[in-house]
Amino acid sequence: MIEPVIEIIGFTKIYESLTAVDRLNLNIEEGDVFGLIGPNGAGKTTTFRFLATLLLPTRGIARIAGYDVVRQVRDVRRSMGYMPDSFGVYYGMRVWEFLDFFAASYGISRYRRRRIIDDLLELLDLGHRRNDAVQALSRGMTQRLCLAKTLVHDPPVLILDEPASGLDPRARIEIKELIRELRSMGKTILISSHILHELADICTHVGFIEGGKLLAAGDLQRILEEIRSHQILEIRVIGAERREMERALGDNADVTDIRCDNGVWVVDFTGDDEAQAQLLASLLERGITVQEFHQRRVNLEEAFIKITRGEVT
């Protein structure tokens, strides 16, 4: 049996009367890119801070690379790089000095530091900003610098809390490509983001968390396949009145929810392909002119909505 690189068992964090995280269990294996998905206040950052040895649990344990995050703090910190959702840089430093400071804090020799900094500046495309003051960097460049700082001791595990937060579309694409490259280098990555479609592009596994509880977790493609048994149909018609469409759709036993979004009827549907054909035929039999009828490709947004509604377990 393969031992997980990140293992959380029964993690609970309570602040007075607020339970921020409730009995969280999670295993992440070597080489995985695991996306933790949930709204603000769901418990993502609390979980990440616990794993980063910055927060003691009320109950529960966790291990990173086999080390206990409470009892073996120094070993955990050498095995893990943590990029928080908000961070600062030390004004008055140049880019290379900022990285040199953190490399020195890990006891890396001056000779090795120079080589590591050169490699990181190349990897993060910061070589041309090497001698710039850190306070002169744009938001996107600062994100890159903080990711470089996270990598300075070459940890096998990365914990990235909203790494694309506040970035413009171009910078988000660049961060996504960097994460792909880090995975190709053998890193195990735990990441959170509100930009769900971007997580779908880079994650191998996902977990859905809300109200401090992990609702579902597993292989991304398996979860999406399971969601596809609860299909989303999009139907555009010409001339049909709202009540007529509501009756026509509501009479079908496989229809579980109906809504109209900018002239397109969005239908939650539990039937198979044959049942879809029968639904289309029934609309035509009622004299409804159907302009479009297709199944929406399931994405992480749809999966998140359905799982948090309790429609999928």
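The values are calculated or read from the model by the stated rules, or taken from the named source; none is laboratory data. On a predicted model such as this, the values are computed, not experimentally measured, just so you know. Ideal geometry is used to build each Cβ from the backbone, glycine not excepted, and the neighbour counts take in all protein chains shown.
Given the criterion crowded, with 19+ Cβ neighbours inside 10 Å and in a helix (DSSP H, G or I), identify the matching residue among Leu24, Leu99.
Values: Leu24 fails: in a helix (DSSP H, G or I).
Among Leu24, Leu99, only Leu99 is crowded, with 19+ Cβ neighbours inside 10 Å and in a helix (DSSP H, G or I).
State whether one or more residues within the range 35-44 are surrounded by fewer than 16 Cβ atoms within 10 Å (Cβ to Cβ) and not polar (S, T, N, Q). Looking through the range 35-44, at least one residue is surrounded by fewer than 16 Cβ atoms within 10 Å (Cβ to Cβ) and not polar (S, T, N, Q). Ser282 meets the conditions (1) at pLDDT 90 or above; (2) surrounded by fewer than 14 Cβ atoms within 10 Å (Cβ to Cβ) in every case but one. The failed one is (2).
No other residue among Thr53, Thr58, Thr45 is in contact (Cβ under 8 Å) with a residue 12 or more places away in the chain, under 16 Å from Leu18 (Cβ atoms) and over 17 Å from the mean Cα position of the chain (by Cα) apart from Thr58.
Scanning the range 236-249 for residues that are exposed (fewer than 11 other Cβ atoms within 10 Å of the Cβ) and modelled with pLDDT under 90 returns Gly239, Glu241, Arg242, Arg243. As a summary of the residue check, Asp254 satisfies the conditions (1) farther than 27 Å from Asp272 by Cβ; (2) touching a Gly at 6+ places or on another chain (Cβ under 8 Å) except for the one numbered (1).
So in the range 165-177, with the set limited to residues that are part of a helix (DSSP H, G or I) and under 16 Å from Ser192 (Cβ atoms), which one is modelled with the lowest pLDDT? Among those residues, the one meeting the criterion is Arg172. For the range 134-155, a residue qualifies if it is more than 15 Å from Tyr91 (Cα to Cα), part of a loop (DSSP other than H, G, I, E, B) and not charged (D, E, K, R), and the qualifying residues are Val152, His153, Pro155.
Please work out if Phe34 is under 17 Å from the mean Cα position of the chain (by Cα) and modelled with pLDDT of 95 or more.
Working: under 17 Å from the mean Cα position of the chain (by Cα): yes; modelled with pLDDT of 95 or more: yes.
Yes: the conditions hold for Phe34.
Conditions (1) modelled with pLDDT under 95; (2) more than 30 Å from Lys44 (Cβ to Cβ); (3) buried (at least 20 other Cβ atoms within 10 Å of the Cβ); (4) of a type outside the set (Asp, Glu), marked per residue:
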{"residue": "Arg110", "(1), (2), (3), (4)": "yes, yes, no, yes"}
{"residue": "Asp118", "(1), (2), (3), (4)": "no, yes, no, no"}
{"residue": "Leu151", "(1), (2), (3), (4)": "no, no, yes, yes"}
{"residue": "Val157", "(1), (2), (3), (4)": "no, no, yes, yes"}
{"residue": "Pro163", "(1), (2), (3), (4)": "yes, no, yes, yes"}
